[in-house]
Amino acid sequence: MSETLENLLQEDRLFPPPAELAANANVTASAFDDAAADRLAFWADKAHRLDWSKEWDQVLDWSNPPFAKWFVGGRLNIAYNCLDRHVLNGIGDRVAIHWEGEPGDTRTITYADLHTEVCRAANALTDLGVTAGDRVAIYMPMIPEAAVAMLACARIGATHSVVFGGFSKDALAGRIRDASAKVVITADGGYRRGAPSALKPTVDESVAECPTIEKVLVVRRTGQDVDWQDGRDVWWHDVVDNASSEHEAQAFDAEHPLFILYTSGTTAKPKGILHTTGGYLTQASYTHHAVFDLKPENDVYWCTADIGWVTGHSYIVYGPLSNGATQVMYEGTPDTPHRGRFWEIVEKYKVTILYTAPTAIRTFAKWGDDIPAQFDLSSLRLLGSVGEPINPEAWMWYREHIGGDRCPIVDTWWQTETGAIMVSPLPGVTVTKPGSAMGPLPGISAEVVDDAGNPVGNGGGGYLVLNEPWPSMLRTIWGDDDRFIETYWSRFAAQGYYFAGDGAKKDDDGALWLLGRVDDVMLVSGHNISTTEVESALVAHAAVAEAAVVGATDPTTGQAIVAFVILRGGAEVDEATLREHVAKTLGPICKPRSIQVVAELPKTRSGKIMRRLLRDIAEKRTMGDVTTLQDSSVMDLISAGVQAGK
Ligand code: 6R9
């Protein structure tokens, strides 16, 4: 990408925080002053929200960048912070998890229950030979045991590596091998789209290729038949249910490895992102308190992410539980048994805070306004978004049809690598703009820079960088320090900036707009145009629910914009109208060469559009690697449609 990104989309709508929320907010504007006065003292203060068995000697050791050490010399136990201290503080009978299985079965788990279960699991893992520093792979459906397994590992100092319960045998085996995991925790299966979906056979095939695995611990969820290898396979209900519920948590060093999580890695070998203990929990916990304004006595919080995504780690397990939250956990898909399932759950549990992804929001908009309108959503008071840029019109739809025009929206930008939220409105402070993540949180430093690493200033576009270390930053790529430096710290090595890989702009007021991955930026007749802005222009048309655009090689313009759109239920529109609509919104340079109506778009399991595959279609190439797709048949449908249409 050369010099800068064009700054095209204008947005004038403003939404101030609701007065009552602002008056009672957990975090007010003074947090920015505190952090500006002394950033390290600010984070030390946030670390004091946790219980440490030994105080640190130094807040940050940045003497060997980019290898950071936070809270040097401090010691704590993560599970103790998420469970024991709440029980000791007398809130053991507060509900930690309202779990809802896809078939409609439910479980209500208090903090005391969760504590007991994690203690048993910690003892069981110890009996299976797991000790501090060992790696444990977790390949599970969205059942409470997934959180229990993670916390039990954390409790005994084993490093977990959660792998999405839908990934293939090769993906699982590759991740087990890379981390040399000793144990896999899994289930016979889980419920997806109204049917049991098996997990154990994939584990069996993977483990056959992974000699480091000594034990496979299996939760019985669906009751489906499983192959069994005596001596290696053990049932959770045999070993965990029979283990002692007494377990004293030992403290670990602040830099003890807590988890490895592999990023989807669209092209190369997946990267094992390593997170450690003290800094990670400090920031996951504080941001959950600040961004969601969580009032643990009153709120019912629901993050719809899967545990296999970093969002599930930081905002289902570690953030909410460290804050003593009551939360909903749902096993299945949003359209089972009907398209109102999410709203039925909000109504049933009186959810107050909902955190979901733009892909889900656009899908709900496509399904129609009348579906959420059938449910009582009046308990909601705050909405969050994560995973992709949220198009302004999707943001407005979310606000109106889910938030009843009263709930603030926090659009939270962060990554597996950052461990916790970095850029987001504060709901009691920030006047928001639909589609903008607004600005860095207190204690976080971010900039938009040009090719040479100079700030672009208001009104300019370029690269989003993080220019100061932060507590929950990744510490390295597991087993590959060189790749860590090369991937994240080499682009702006002279300045010492972390480069996230995302394009961004600052509008005239200095608000931040994420513009998608820089690899996706299109170069049309010498102009750098972001996929996000063209997609948002398309989604702003009343007939369009979702859009994905890519740059395809073009003999005259270098690249031409090729768009794929999903229409809203019942809507009809012709291609010429949509092309004109984009030209009118953003300027003639952004007029797509072609627009194809499709039924689905290729997405990863965390809901991100895989533009690389659409580029293959637009340029009539054979398709690249589709292993991280949620549903690989989508690509056949799209290419068949494109061939028929052209
Ligand atoms: C948490 C998570 C990280 C990438 C990131 C960016 C995109 C996430 C976003 C967003 C715009 C937001 N992304 N949140 N883009 N606005 N609010 O998603 O982690 O799966 O590692 O993905 O997702 O491109 O670089 P991860």
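The values are calculated or read from the model by the stated rules, or taken from the named source; none is laboratory data. From a predicted model like this one, the values you see are computed outputs, not experimental measurements. A quick note on method: Cβ atoms are made from the backbone with ideal geometry, for glycine too, and the neighbour counts reach across all protein chains shown.
With respect to residue 165, determine if the residue is modelled with pLDDT under 95 and within 25 Å of the chain's Cα centre (by Cα). I'd like the intermediate steps shown before the answer.
Numbers: modelled with pLDDT under 95: yes; within 25 Å of the chain's Cα centre (by Cα): yes.
Answer is yes for this residue.
In the stretch 437-475, what residues are outside any loop (DSSP other than H, G, I, E, B), aliphatic (A, V, I, L, M), within 14 Å of the ligand (Cβ to nearest atom) and on the phi < 0 side of the Ramachandran plot? Let's see the steps before the verdict.
Taking the stretch 437-475 as the starting set, the residues that turn out to be outside any loop (DSSP other than H, G, I, E, B) are 438, 440, 446-449, 455, 461-466.
Those left that are additionally aliphatic (A, V, I, L, M): 438, 446, 448-449, 464-466.
Going one step further and asking which of them are within 14 Å of the ligand (Cβ to nearest atom), we end up with 438, 446, 448, 464-466.
The answer is 446, 448, 464, 465, 466.
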Checklist outcome for this item: When the stretch 336-375 is checked residue by residue, the ones that are among the hydrophobic types (A, V, I, L, M, F, W, C) and more than 16 Å from the ligand (Cβ to nearest atom) are 342, 343, 345, 346, 351, 353, 364, 365, 367, 371, 373, 375
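Consider the stretch 583-615. How many of its residues are assigned to a loop (DSSP other than H, G, I, E, B) and charged (D, E, K, R)? Let's see the steps before the verdict.
Residues of the stretch 583-615 that are assigned to a loop (DSSP other than H, G, I, E, B), as a first pass: 587, 591-593, 598-602, 605-608, 610.
Right, trim to charged (D, E, K, R) and you get 591, 593, 600, 605, 608.
Counting residues in the stretch 583-615 that are assigned to a loop (DSSP other than H, G, I, E, B) and charged (D, E, K, R) gives 5.
Being outside the structural domain of residue 438 (by the TED database), away from the ligand (no atom under 15 Å from the Cβ), under 20 Å from residue 617 (Cβ atoms) and buried (at least 22 other Cβ atoms within 10 Å of the Cβ): is that true of residue 551 here?
Details: outside the structural domain of residue 438 (by the TED database): yes; away from the ligand (no atom under 15 Å from the Cβ): yes; under 20 Å from residue 617 (Cβ atoms): yes; buried (at least 22 other Cβ atoms within 10 Å of the Cβ): yes.
So residue 551 fits the description; yes.
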Item to check | Any hit, the stretch 594-616, residues being modelled with pLDDT under 95, within 16 Å of the ligand (Cβ to nearest atom) and of a type in the set (S, T, N, Q) | outcome: yes
Next on the checklist: All but one of (1) assigned to a helix (DSSP H, G or I); (2) buried (at least 24 other Cβ atoms within 10 Å of the Cβ); (3) small (Gly, Ala, Ser) hold for residue 360; state the number of the condition that does not hold.
Outcome noted: (2)
Checklist entry - Would you say residue 308 is assigned to a loop (DSSP other than H, G, I, E, B), surrounded by 24 or more Cβ atoms within 10 Å (Cβ to Cβ), within 16 Å of the ligand (Cβ to nearest atom) and at negative phi? => result yes
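Matching residues to (1) small (Gly, Ala, Ser); (2) surrounded by fewer than 23 Cβ atoms within 10 Å (Cβ to Cβ); (3) in the same structural domain as residue 606 (by the TED database):
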residue	(1), (2), (3)
270	no, yes, no
279	yes, no, no
304	no, yes, no
312	yes, no, no
315	no, no, no
Checklist entry - Which pairs do you get when a residue that is free of Cβ contacts under 8 Å to residues at least 60 places away in the same chain, found in the stretch 157-171, comes within reach of a residue that is part of a strand (DSSP E or B), reach meaning Cβ atoms under 9 angstrom, with the pair 6+ apart or on two chains? => result 158/135; 158/136; 158/183
Item to check | Residue list for the stretch 446-468, filter: without any contact (Cβ under 8 Å) to a residue 60 or more places away in the chain and either more than 22 Å from the chain's Cα centre (by Cα) or surrounded by fewer than 24 Cβ atoms within 10 Å (Cβ to Cβ) (or both) | outcome: 447, 449, 452, 453, 454, 455, 457, 458, 465, 466, 467
Checklist entry - Counting only residues that are in contact with a Gly (Cβ under 9 Å, 6 or more places away or on another chain) and over 15 Å from residue 358 (Cα atoms), how many does the stretch 532-556 have? => result 1
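Please count how many residues of the stretch 389-413 are assigned to a loop (DSSP other than H, G, I, E, B) and out of contact with any strand residue (DSSP E or B) (no Cβ under 7 Å at 6 or more places or on another chain).
From the stretch 389-413, those assigned to a loop (DSSP other than H, G, I, E, B) are 389-391, 403-408, 412; that's our starting set.
In the following step, the residues that additionally are out of contact with any strand residue (DSSP E or B) (no Cβ under 7 Å at 6 or more places or on another chain) were identified as 391, 404-406.
Counting residues in the stretch 389-413 that are assigned to a loop (DSSP other than H, G, I, E, B) and out of contact with any strand residue (DSSP E or B) (no Cβ under 7 Å at 6 or more places or on another chain) gives 4.
Before we move on, is residue 569 surrounded by 19 or more Cβ atoms within 10 Å (Cβ to Cβ), modelled with pLDDT under 95 and not hydrophobic (A, V, I, L, M, F, W, C)?
Working: surrounded by 19 or more Cβ atoms within 10 Å (Cβ to Cβ): no; modelled with pLDDT under 95: yes; not hydrophobic (A, V, I, L, M, F, W, C): yes.
Answer is no for this residue.
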Checklist outcome for this item: All-but-one check, residue 624 against (1) within 28 Å of the chain's Cα centre (by Cα); (2) surrounded by 17 or more Cβ atoms within 10 Å (Cβ to Cβ); (3) not in a helix (DSSP H, G or I), failing number (2)
Item to check | Residue identified as within 16 Å of the ligand (Cβ to nearest atom) and surrounded by fewer than 17 Cβ atoms within 10 Å (Cβ to Cβ) among 574, 508, 519 | outcome: 519
Item to check | Qualifying position, being surrounded by 22 or more Cβ atoms within 10 Å (Cβ to Cβ) and more than 25 Å from the chain's Cα centre (by Cα), among 112, 122, 132, 137 | outcome: 122
